[in-house]
Amino acid sequence: MTALPDLCRRDLAVLWHPCTQMREHPGIMPLLPVARGEGAWLIGQDGTRHLDAVSSWWTNLFGHAEPRIATAIAQQAMTLEHVLLAGFTHEPAVRLAERLLDLAPPGLARVFYADNGSAAVEVALKMSFHAHRNRGDTRRTRFVTLSNSYHGETLGALSVGDIPLYRRTYAPLLLEPLFTPSPDAFNALPGEDAEACALRCADELATMLEQHGETVCALIVEPLVQCAGGMRMHHPAWLRRARELCDAHGVHLIADEIAVGFGRTGTMFACEQAGIAPDLMCLSKGITGGFMPLAAVLASPTIYETFLDDSRERAFLHSHSYSGNPLACAAALATLGIFDSDDVLARNAVTADKLASHGRRIAQHPNIADYRQSGMIFAFELMADPAALTPFPTSERIGLQIYRAALRHGLVLRPLGDVLYWMPPYCINDDDIAHLATATQAAIQEVLPCA
Ligand SMILES: *Cc1c(COP(=O)(O)O)cnc(C)c1O
């Protein structure tokens, strides 16, 4: 064992890390001291380089320390760092709202700011409930969510999530939503394609709304990809049908595009691929290019107008101290500027094809039961016996073993259970892609050797 770097030693004396069993540091789970970032790479204090294939939890779009975003933040910091957004306004907040509404699916007309994804989900849930109430409909108190969904960690957001590892412990504290089956194409029945699977699941949603529709505020969904749920993907036909069903039952549709927004699935927003517009849309993560915490909830005019009245009670009295922070808005404006100046979506289509050709090759490994892609998201489902769909025993922690092996090869993969995925920064270049493919293959081969 080499001695623990000084920074790690100090860290482990004072910090409590997110999503971590602290007992596993540093023996089972290494702790990586990062000195700086450069493009798709993280550079350690000792100069070691790791390619960030997970975009630092899906936040980074154009590389670490991207100079245009860094400069925009620095300039804004020397002009106006923050002012409360109740009763005050500023150019970055207004300009960003204008830009977001221009880009968003049609029919969204108002922008409410928060500072992280979970808070955006809380805002959307409260707004939906409150809008129905403002119309005099007090029966609607429940939410519909999908099996295997993830919407964040605060109590409201956790309530509408379905990942047992995160939810189970806190279940006694949570709201009880109605769960409808995820249209996840991986769960398609034998002989069923992704679209047929989506339509079968939509029929179940139809039945649920027929029974309970009058008590439901909103349906919340991660359009096209359930990211935290293992990068599970579905056919857009489900979203089209869900939109129709919500309309028929007076239920709001909340699109949680926190992970899939800003080009991840190939279009600016995933909803576009279904040709639908939600009533509320949650954005965060990539919105600032991965530089600053910021979230936005976009709302339809119909929802917004129910809040207009002489009474304070009808108003949406929710707030966060850092709502619409100018530094975060400046980072987001610089990020959207790069989408225009660098023709990012067109470039990503080319990058995604290069990644896919490596992905398909790696997917021939005998333990890979499924390989799937949506835009710049690529996932490999590892199983002990793919033919029989037998998973590895969880105690083997195959995903963790591959994580550790990948680190030794200069790569940050952060498997979700036994699902390996690539969700790299869009700036990933040909050399980076070659390294990503070689190191991924080497890490899998080390843990699961095959001839
Ligand atoms: C990450 C994520 C959230 C929560 O965002 P935080 O900023 O981590 O609170 C919510 N929904 C989805 C789909 C996410 O991927």
What does the highest-first list of 179-185, 429-435 look like by mean Cβ count within 10 Å?
179-185, 429-435
Treat each spin label as a single point 7 Å out from the Cα along the C-beta direction, and report the ASP385 to ARG10 distance in nm.
5.3
If each part is reduced to its alpha-carbon centroid, segment 14-48 and segment 392-429 end up apart, in Å, by 14
Expressed in µm² per second, the diffusion coefficient of segment 270-327 from the Stokes-Einstein equation, with Rh the Kirkwood radius over alpha carbon pairs, at 10 °C and 1.306 mPa s, is 114
Roughly how far apart, in whole Å, are the Cα centres of segment 348-388 and segment 287-335?
37
Put one equal scatterer on each alpha carbon of the chain, apply the Debye formula with no solvent term, and list log10 I(q)/I(0) at q = 0.06, 0.08 1/Å to two decimals.
-0.26, -0.47
Segment 88-128: C-alpha gyration tensor shape, a/c 1.5 cut-off, then a/b vs b/c
oblate
Assign one of three labels to segment 68-108, namely rounded, prolate or oblate, based on the Cα gyration tensor with a ≥ b ≥ c the square roots of its eigenvalues; rounded applies when a/c is under 1.5, prolate when it is not and a/b is larger than b/c, and oblate otherwise.
oblate
Around ALA437: net Lys/Arg minus Asp/Glu count, Cβ-Cβ under 14 Å:
-1
Average Cα contact separation per residue, the chain, under 8 Å, 6 or more apart, as relative contact order %
20
At 4 °C and 1.567 mPa s, grab the translational diffusion coefficient of segment 6-48 from Stokes-Einstein with a Kirkwood Rh over Cα pairs, rounded to a whole number in µm² per second.
112
Using alpha carbon centers only, segment 194-235 is separated from segment 74-116 by a whole-angstrom value of 31
Fewest to most Cβ atoms within 10 Å: SER147, SER374 sort as SER147, SER374
Sorted peptide list for 305-317, 40-52, criterion being average Cβ within 10 angstrom, highest first
40-52, 305-317
Students often check this: by mean Cβ neighbours within 10 Å, which of 150-158, 380-388, 62-70, 28-36 ranks highest, and how do the rest follow?
150-158, 62-70, 380-388, 28-36
Taking H placed 1.01 Å from N in the peptide plane, check which residues at least 5 places from ALA218 or on another chain put their amide H under 5 Å from its amide H.
VAL144, HIS252
In nanometres, the difference between 0.36 nm per residue of separation and the alpha-carbon distance of ALA77 and TYR170 is 29.6 nm
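Each value in this text was obtained by applying a stated rule to the coordinates, not by laboratory testing. Note that this is a predicted model, so its numbers are computed, not measured. Cβ: placed from backbone, ideal geometry, glycine included. Neighbour counts: every protein chain shown.
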